[in-house]
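Accompanying notes for the structure given below.
The values are calculated or read from the model by the stated rules, or taken from the named source; none is laboratory data. Treat the numbers as computed from the prediction; the structure is a model and nothing was measured. All Cβ positions, even for glycine, are placed from backbone atoms using ideal geometry, and neighbour counts span all protein chains on display.
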């Protein structure tokens, strides 16, 4: 019997009072793809950092191909045949692809021979694994998908047999992600061992042979992927039963709350971002805006939320709202019953250095209920925060903790609590579950549906097509600042929506999935098709 | 979780930084051939050893409180106002005009009028760069420092021209009339038998400065405007989302900042010189930056840092008077203090943080052991 390519025995690591890894053991056989899944903060990245020599474990042993090794630093990891592709790429932007690959692994003081050898090897690797890159392009000029391939090539050039990828699809479009998985499949066929760290169940199910689940620093299970289900994995990750499907009844749309007519936006650089948008949102329905990021969805939310100017007409409950003048700011929008959960909660929705109790009032800080005389009423703000934290199950329920110290899901709950609890007529919500754990996703989706059932209008923007399909009562697809069309989620599918997202019209039967994916890879990037 | 208890952050780090700066200064004094211990004694004696010394230390401190608060409040809006110098010059002009051209019946009213004049002129001098920043994107650091030069030139022009009394050979205004003279500490604290603070320039403005500290604290941490200023300072994009107007915050915070810097003039022009002279500010505008940095932009911290710099100013003057240590050395010592408390903050902070972390971990291990038993 062959020895495992990599084996960890009893790895433990603590940071101060936090036990990031506790007695972790795994065996990964050569020539397999092994997934490690867990929520944010479960300890996945810590474990991989130990394996790559960034941290030293407090206890435990590491075996590579049956031999015990000490990995003191990344040099030792590379020598042991471990390659790592980080979530945030570590490339020199102003160097060419080839220079980046050779960097740190030059044969001698002279660069030319190394580069020539690298060029030959690169050609071989590209043919073998579909790892095609442009060797002479500057890294800053190539897309993220190719940058990631450069990272993989860097590891392979250093003779890595074990490749660790940390959340590799976070920055990729769906088409690029599929390309990546084909590469991984090729690598596995050649006998490489791959460890894939992710929190996306779908990727685990589609690509891995075995999967380990981590929760709160511990390895809760290791199972064969073919013998498990997304439902089971989700339960193992969260530690309780999780609803993966959104539970909702058909909508009962009422009066038109938001009526957008011929809305145009041109940004600071003179780029025409929204080109004559028309849409309506009724009470008691969720309108989902699908589209590849960068096709005008952000601008739509920003104009409606009051921090981007536009031209055209927007009627809220039948009366127009100011798009350019003094009443076009966020305060005025809130006064008109528009609440907004922004796409980027860390840059917009929260002041990261403010405590939770200060953030609960953010945007509503001029309300009389937070005021006593000329001063802010801190006691009222604290009490308000405690109530909202309890209702939205924010953890830890400590109003005095700074926003930056909460996890992504809990930050989002704070924003959501603040916006929903105002009882708005219209809720704008962008990327509601980006960077949010499965357990919290379920909760957030329930809150959105509950708000709809109270008869509120909801405009949802998400780049996750699954989320749009699960939540929306109607779907509008945006491409290049236009609405390509509206669809009924019950009567459409990912293929048809994908076509619209890529800006294609016509009968879905006439185009192949590959054609759509090719076009999708360019949608929203500003690059020419 | 924070790595250290709050008291260590607020008290221990500045104190250690200060000690380090003092040790290095001692080496410099040793190199000159003087005894550092004697020098320290002389400084302490001269600056805080008598009511006379205190009278000077607190006078300087008053200047630094105003300019320090000015820089601090702008910092909260992430504006770097290095034009405190020029704003204080203009504040002096405001005070002079108020004192010379309005007949005041009593010093208390004159103080009120002088404060208004100083604040108004200082604010006006800050509003122009603020407007350029908010509307035209001209960087506030560049414009405020240029306005320092314009202010100096303007004052020069006025003091050799319109404001100079006929027949005077000196570039200064005439003496302010009697009713505008502010009570000094000597007037306020001397009893029939003992004279306190004899001849020292500290005056009632010190209490105005303390009031300003409290007012700024309440403004920043207790009012809605302060909430908006801090929010804008932390994240402009978030402020826009919330509907906080960047233009409004830049204009208001710089107006307050300029007014505070200008108010320094009621201390040095109205309280001490009792006329407007050239170079009345003497670099206090720039010291304000160091004071705000060291005080971590907190009014109470600014107050303490201002007292420290007042001590260094007065102690330094004493050193120059009684020893062969040149006055310039004081600038070296001040620079070391700024270097250690401002720029080299992390040098002290990092080892201290790891010390506290390891101590906490040891304590946990111990509590775990006792729990196991």
Of the residues B:49, B:33, B:68, which is surrounded by fewer than 19 Cβ atoms within 10 Å (Cβ to Cβ) and at pLDDT 90 or above?
B:49
Which one of these does residue A:286 not meet: (1) surrounded by 23 or more Cβ atoms within 10 Å (Cβ to Cβ); (2) under 28 Å from the mean Cα position of the chain (by Cα); (3) farther than 23 Å from residue A:465 by Cα?
(3)
Being part of a loop (DSSP other than H, G, I, E, B) and at pLDDT below 95 is the filter; apply it to the range A:425-441 and report the residue that is nearest to residue A:462 (Cα to Cα).
A:431
All but one of (1) away from chain B (no Cβ under 14 Å); (2) modelled with pLDDT under 95; (3) not in a loop (DSSP other than H, G, I, E, B) hold for residue A:298; which doesn't?
(1)
Please specify each residue of the range A:195-234 satisfying the condition of being within 22 Å of the chain's Cα centre (by Cα) and assigned to a strand (DSSP E or B).
A:195, A:196, A:197, A:198, A:211, A:212, A:213, A:214, A:215
Determine which single condition residue A:124 fails, assuming it passes every other condition in (1) surrounded by 13 or more Cβ atoms within 10 Å (Cβ to Cβ); (2) modelled with pLDDT of 85 or more; (3) part of a helix (DSSP H, G or I).
(1)
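Which of the residues that make up the range B:129-145 are out of contact with any helix residue (DSSP H, G or I) (no Cβ under 8 Å at 6 or more places or on another chain) and within 11 Å of residue B:82 (Cβ to Cβ)? Show your work before the answer.
As a first pass, look at the range B:129-145 and keep what is out of contact with any helix residue (DSSP H, G or I) (no Cβ under 8 Å at 6 or more places or on another chain): B:136-137, B:141-142, B:145.
Within the range B:129-145, B:141, B:142, B:145 meet the criteria.
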Only one of (1) over 23 Å from residue A:336 (Cβ atoms); (2) part of a loop (DSSP other than H, G, I, E, B); (3) within 14 Å of chain A (Cβ to nearest Cβ) is not met by residue B:214, so which one is it?
(2)
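Could you say whether any residue in the range A:141-156 is farther than 30 Å from residue A:17 by Cβ, without any contact (Cβ under 8 Å) to a residue 12 or more places away in the chain and surrounded by fewer than 17 Cβ atoms within 10 Å (Cβ to Cβ)? First the steps, then the outcome.
Of the range A:141-156, the ones farther than 30 Å from residue A:17 by Cβ are A:141-156.
Checking which are without any contact (Cβ under 8 Å) to a residue 12 or more places away in the chain leaves us with A:141.
Still in the list and also surrounded by fewer than 17 Cβ atoms within 10 Å (Cβ to Cβ): A:141.
Checking the range A:141-156: at least one residue is farther than 30 Å from residue A:17 by Cβ, without any contact (Cβ under 8 Å) to a residue 12 or more places away in the chain and surrounded by fewer than 17 Cβ atoms within 10 Å (Cβ to Cβ).
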Having 1 or more residues that are touching a helix residue (DSSP H, G or I) at 6+ places or on another chain (Cβ under 6 Å) and not assigned by TED's automatic domain parsing to the domain that holds residue A:305 is the bar; report the helices (runs of 4 or more DSSP H) wholly within the range A:329-421 that clear it.
A:356-359, A:378-391, A:408-420
Taking into account only those residues within the range A:345-387 that are farther than 23 Å from residue B:219 by Cα and crowded, with 22+ Cβ neighbours inside 10 Å, which is nearest to the other protein chains (Cβ to nearest Cβ)?
A:348
Would you check which residues across the range A:324-342 are in contact (Cβ under 8 Å) with a residue 24 or more places away in the chain, over 21 Å from residue A:255 (Cα atoms) and either at the interface with another protein chain (Cβ under 10 Å from one of its Cβ atoms) or over 31 Å from the mean Cα position of the chain (by Cα) (or both) and list them?
A:330, A:331, A:332, A:342
